[in-house]
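Here the structure comes first, spelled out in structure tokens, and everything after it is commentary.
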Amino acid sequence: MNIKAAFMAITTFVSVSGAFAHGNEDHPAAARTFDASKVQDTAFGREGDPAKATRTMGVDLADTMRFSPSAITVKRGETVKIVATNRGRLLHEIVIGTPDELSKHADMMRKFPGMEHDAPYMAHVKPGGRGEVVWQFTKAGEFQFACLVPGHFEAGMVGKVTVK
């Protein structure tokens, strides 16, 4: 990764406004408001319009550091609402991305565990709570979802998204 790309990645993570901090349960979950003018394309899709979600998929998060189901399949172009339910006693999250992006984000979270941020491809979920991600998968391929709370990713809290 060149210097410019590294700077852009760090700037993106640090500058994204948000109401959540990894490892801190005291932040209230604010409802995300969809604004089509702010949607940005990524390597794994873009924020979806909740009014255009074609289906809802449930994913459970557990203190065993596993997701259930651990794999989901969607159609290219499909907008889905992923409802993440935390069945454990620890804070968990679901973050969608490419394997490389998630690995880099996990590294950053280990270095800066109190870093506050929020993005449309992630939901932080308190114990017993629920979070939602509405995402349009615009590109075919295999992507991942993971919990990037420090230590959880390393313990194997990773799932697979197949876009056909």
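List pairs: first in the stretch 135-164 and without any contact (Cβ under 8 Å) to a residue 40 or more places away in the chain and over 21 Å from LEU90 (Cα atoms), second surrounded by fewer than 16 Cβ atoms within 10 Å (Cβ to Cβ) and small (Gly, Ala, Ser), Cβ under 6 Å, 6+ apart or cross-chain?
Every condition considered, no pair remains.
For PRO99, which of the numbered conditions (1) in contact with a Cys (Cβ under 8 Å, 6 or more places away or on another chain); (2) over 14 Å from GLY151 (Cα atoms) fails to hold?
(1)
Step by step: first the residues of the stretch 90-121, then only those that are in a loop (DSSP other than H, G, I, E, B) and under 22 Å from VAL163 (Cα atoms), then the one that is modelled with the lowest pLDDT. Which residue is that?
Selected residue: ALA119.
Has the stretch 20-39 got any residue that is modelled with pLDDT of 85 or more, farther than 17 Å from THR85 by Cβ and in contact with a Lys or Arg (Cβ under 8 Å, 6 or more places away or on another chain)?
yes
Does any residue in the stretch 85-99 that is within 11 Å of PHE44 (Cβ to Cβ) and touching a residue at least 12 places away in the same chain (Cβ under 8 Å) come within less than 9 Å, Cβ to Cβ, of a residue that is among the aliphatic types (A, V, I, L, M) and surrounded by fewer than 16 Cβ atoms within 10 Å (Cβ to Cβ) six or more places away or on a different chain, and which pairs are these?
Matching pairs, first to second residue: GLY97/ALA43; THR98/ALA43.
Just a yes or no: is a residue in the stretch 140-162 part of a loop (DSSP other than H, G, I, E, B) and over 18 Å from ARG66 (Cβ atoms)?
Yes, the conditions are met somewhere in the stretch 140-162.
Check PHE112 against each of (1) surrounded by 21 or more Cβ atoms within 10 Å (Cβ to Cβ); (2) without any contact (Cβ under 8 Å) to a residue 40 or more places away in the chain and name the one condition it does not meet.
(1)
Being over 15 Å from THR56 (Cα atoms) and either β-branched (Val, Ile, Thr) or under 11 Å from the mean Cα position of the chain (by Cα) (or both) narrows it down to one of ALA155, ALA119, ALA106, ALA84, so name that one.
One residue alone meets the criteria, ALA119.
The values are calculated or read from the model by the stated rules, or taken from the named source; none is laboratory data. All values reported here derive from a predicted model rather than from experimental measurement. A quick note on method: Cβ atoms are made from the backbone with ideal geometry, for glycine too, and the neighbour counts reach across all protein chains shown.
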